[in-house]
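Have a look at the structure below before the remarks.
No value in this document is a laboratory result; all are computed from the given coordinates. For clarity, every value in this text was computed on a predicted model and none was experimentally measured. Here the Cβ positions follow ideal geometry from the backbone for every residue, glycine too, while neighbour counts run over all protein chains shown.
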Amino acid sequence: MKNIDLISLIDQIDDNSDSLVKLHQDLIKIESVNTGYMPTGNETKVSEFCAKWFKEYGIQSKQLSRNEDRSNFIAKYPFSGNNKKLLLMSHTDVVPVENYDKWEFEPFSAELRDGKILGRGSSDCKGLLASQMMAMAILAKNKIEFKDNFTLISGADEEHGGRYGFGWLLDNHPEELRFEYAINEGGGSPVTIGNNLYYLLGTGEKGRLEINIRIKGESAHASVPWMGINAMGSTSKAIDKIMNFVPELDCSTDIFNYLGLFGIETKPSIKNLDLIIQEAYEKNPSLGSLLRALSRMTITPTIIKGGIKSNSVPEFIELVLDVRTLPNQDDKDVQNELDKLFAGIPNISYEIDYMAKPNSSPFETDLLQAIKKSQALSVERDDIQWIPSVSNGFTDSRFTRELDVITYGFRGTHPDDNPNSENVHGTNENYGVKSLISSSKTMLGTIWEICNPIIQ
Ligand SMILES: [Zn+2]
């Protein structure tokens, strides 16, 4: 075994930055667009590319799939023991391009412009995948042996519920996901306030429910409306109640124990929460918005459909709501709120579709320590402050957390890049080269810290 240390391995990522950019570009050029309607995705093309790329470094891989065009890519690090310590997660599908005309560049061109790589999927999630692949390849190239194993899995279908990806793996091959720790997308945004640098580690996700409401009426000719029951009546009452919904406030999410780090000195309670959120908005608007989202359930009407003819009283109207719940709330809590809102409104019924359960992992763990050390090395800052954060959206982390795998959303973004300008799921998606490199360094450092390298 050569005498090698973490710093020299991290330096090798800089030496290989051109190959890393090329890898990222090649991944973006594979149009693995997931529309949600089969046939779609073509993630197998990405898996095949990754398999070939890894082979050059002596890393074997396999693919598991529910559908042959939509495989999940799995690469186990070769020079390690069998103790399953760390899972490196990402996904291979991307969301569709909504309006080509609005893009300033060809969405799958992956061109490099002003320190950014442009293209659909560049940020979500092929940047993380490329960074993890390069970290693993550098370790393999140096034949670094580890006591504990780490494995990379890039899943299909993340953008449409994971029924071909991590969700399917959980139901059919749970042993593939059973690691002590996992690191995935969905968190780790840098926040700068003055000279201070904070990272929001993704320790949990809010739940999402879709509510399908049906409001019944009785049709009649619109010239004699009293002969029927206009479903609009109950609909307008229901919408009014929803728009004026006053959620119960809650400050039990971990982030509220760390507000002192942002210079917010008052201890949060239900009584002063609104004032504290106001103070946070003044310091940094995205922090204010985050605290607002993490202190309440949200109920948002998103779709309304009804009426068939301009001269008919509508027989029924359908209304769809998007509901986001905190980690300590479940579908019963949602039902309670809806029943209170709709009490006394006639002819209304609803169904709850549970899309994603809220989920979370503990904050103070060995994985946090490993990430802290590696991120400090990777972005050359030893003054970073760490905050646990629950995300508004959800990722495949909900599937591994179901197996009690401690899973963090952390990508290792460079503080010079602003994740809010990456336009994830939007027009002109892009990803900073600095982040691509810092992320790869962070992944390598985290593996090193957590998987016990055998150094002689
Ligand atoms: Zn994603």
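Remarks
- Radius ratio Rg over Rh of region 288-429, counting only Cα atoms, Kirkwood formula for Rh: 1.09
- Extending 7 Å from Cα along the Cβ direction at Asn83 and again at Glu175 yields two label points whose distance is 2.0 nm.
- Two-decimal Rg to Rh for region 249-334 - Kirkwood Rh, Cα set: 1.22
- Taken over the C-alpha atoms, the chain has Rg and Dmax values of 24.2, 91 angstrom.
- Label reach from Leu403 (point 7 Å along Cα→C-beta): in region 61-78, amide nitrogens under 16 Å belong to 62-66, 72-77.
- For Lys116, Lys143, Lys434, the sequence from fewest to most other C-beta atoms within 10 Å is Lys143, Lys434, Lys116.
- Rel. contact order, % - alpha carbon contacts under 8 angstrom, at least six apart, region 205-356: 45
- Angle between the chain longest axis and helix 231-243 axis [Cα atoms, degrees, rounded to 10]: 50
- Which of Val97, Val390 has the fewest Cβ neighbours within 10 Å, and the rest in rising order: Val97, Val390
- Histogram of C-alpha separations across region 222-296, 10 Å bin width, %: 17, 36, 15, 13, 11, 7, 2
- Listed peptides 406-416, 316-326 by packing density, highest first (mean Cβ within 10 Å): 406-416, 316-326
- Region 256-333 and region 388-452: distance between their alpha carbon centers, rounded to Å: 24
- Helix 331-342 vs. the chain, principal-axis angle (Cα, 0 to 90°, nearest 10): 30
- Share of pairwise Cα separations in region 205-356, more than 18 Å, in percent: 63
- Dmax and Rg, reported as Rg then Dmax, of region 141-199 (C-alpha, Å): 16.7, 48
- Over the chain, relative contact order from alpha-carbon pairs under 8 Å, at least 6 apart, %: 25
- A viscosity of 1.567 mPa s and a temperature of 4 °C, combined with the Kirkwood radius over Cα pairs in Stokes-Einstein, give a translational diffusion coefficient for region 165-220 of 79 µm²/s.
- Dividing the mean sequence gap of close Cα pairs (under 8 Å, 6+ apart) by how many residues region 338-418 holds gives a relative contact order of 33 percent.
- Among Val94, Val379, Val21, the ranking by other beta carbons within 10 Å of each residue's beta carbon, starting with the fewest, stands as Val21, Val379, Val94.
- Helical content alone sets the calculated 222 nm signal of the chain at -9500 deg cm²/dmol, taking -39,500 (n - 2.57) per DSSP H segment of four or more residues and averaging over every residue.
- Degrees between helix 366-379 axis and first principal axis of the chain (Cα, 0 to 90, nearest 10): 70
- Region 59-169: C-alpha pair distances exceeding 24 Å, %: 37
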